[in-house]
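Some notes on the structure that comes next.
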Amino acid sequence: MSVSESFESNYAEIRRSDGLQWRHFDSVTSTMDVARAIIPDCRGDTRWWGLVTADKQSSGRGRQGRVWEEGQVTWMGTFVFPTVKQVAQLSGYSLGIGVGVARACEELGSLVSLKWPNDIVVERDSCLAKLGGILIELEDNGTERFVLVGIGLNVTGVPCSLQDQATSLSMVSGKSFSMGDLTERLVTNVGKVSQAMLSGDSSHDLLVEWEKKSCFQLGRTRISVQVSDRVITGIYQGLADGGALRLQTGDGEHQIHSGHIQALEL
């Protein structure tokens, strides 16, 4: 059964000279689901990497199983990158991808900030408005490993129920642009960052850039993070090697590798 039959949607496909296989669908369950389905297509092709985009998705999900709420126009896509790295060697990878997404937004005239671990935000009236998010998952296929990078970005407008909490690229930049242009910027920047992190040791420079683009203020921002069954609250002290969040609390410094931010005071 073909990918289009599996997901009951027509698609257009582009295969580029740099190895990218890009499929765009009218509608899918989630681009992450379809991205997994196209992985077998890369067998025997050492230069292959993939991208799945869609106009609509019925079951797109964010971190901790949350479903993304679509705005009036939303860019939804999942990149697929082959890797030989072990899971422990991928620490900080999602932050590097955030840098790539931020670069793409900035090239389109939208100045954005990054919120640990995977949010794209805009600082507005001493508050944060969410513009998009990133979801990283791993997929092992036989002896091969793949990193799946799901990205959702509000392009034009946001749902009325989220006006105070969200924004879009067009609202930030004050101009309109084509989805094709946005896709090309993301392909260039996310692809470049991912290749650098998966093929070499460039994570340090990307983490430094992440800190410069962060919405947190060093030594000032107070953050509460849900870590397993407890909440850790402290003052932001930057990132540790590998991208862990450093918080200074009353009982010393904590380095948090994974968690959900419950509250913060900029």
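Values quoted throughout were computed directly from the atomic coordinates according to the rules given, and no laboratory measurement underlies them. Note that the structure is a prediction, hence the values are computed from the model and not measured. Heads up, the Cβs are rebuilt from the backbone with ideal geometry, glycines too, and the neighbour counts pull from every protein chain shown.
This model, with +1 at the C-beta of Lys and Arg and -1 at the C-beta of Asp and Glu, gives the chain a dipole about its Cα centre of some 280 debye.
Stokes-Einstein diffusion for segment 3-213 at 4 °C, viscosity 1.567 mPa s, with a Kirkwood radius from C-alpha pairs, works out to 75 µm²/s.
Each residue of segment 98-110 was assigned a 3J(HN,Hα) from its phi angle through the Karplus curve 6.51 cos²θ - 1.76 cosθ + 1.60 (θ = phi - 60°); the sequence is x, 4, x, 5, 4, 4, 4, 4, 5, 5, 9, x, 10 Hz, with glycine and proline shown as x. Which one, Thr188, Ser168, His24, projects farthest toward the positive side of the charge dipole computed for segment 3-213 from Cβ point charges (K/R +1, D/E -1)? Most positive-ward Cα: Thr188.
I'd like the orientation of helix 203-213 relative to the chain: the angle between its Cα long axis and the longest Cα principal axis, in ° from 0 to 90, rounded to 10. Taking the Cα atoms of the chain, the angle to 203-213 is about 60 degrees. Per residue of the chain, the DSSP helices (runs of n ≥ 4 H) give a summed -39500 (n - 2.57) that works out to -7000 deg cm²/dmol at 222 nm.
Here the Karplus curve 6.51 cos²θ - 1.76 cosθ + 1.60, taken at θ = phi - 60°, turns the phi angles of segment 243-259 into couplings of x, 5, 7, 9, 10, 8, 10, x, 10, x, 8, 10, 10, 10, 8, 8, x Hz, with x standing for Gly and Pro.
What the phi angles of segment 114-125 give under the Karplus curve with 6.51, -1.76 and 1.60, with θ = phi - 60°, is a coupling list of 10, 10, 4, x, 9, 9, 9, 10, 10, 7, 9, 6 Hz, glycine and proline written as x. Around the amide H of Trp49, modelled in the peptide plane, lie the amide H atoms of Leu20, Gln21, all under 5 Å away and 5 or more residues distant in sequence or on another chain. Here Thr31, Thr53, Thr46 are placed in order of increasing Cβ neighbour count within 10 Å, fewest first, which gives Thr46, Thr53, Thr31. Panel order for Lys175, Lys130, by other beta carbons found within 10 Å of each beta carbon, from fewest to most: Lys175, Lys130. For the chain, the share of DSSP beta bridges that are antiparallel, to the nearest 5, is 85%. Rounded to the nearest 10 degrees, the angle from helix 179-199 to the longest Cα principal axis of the chain is 70 degrees.
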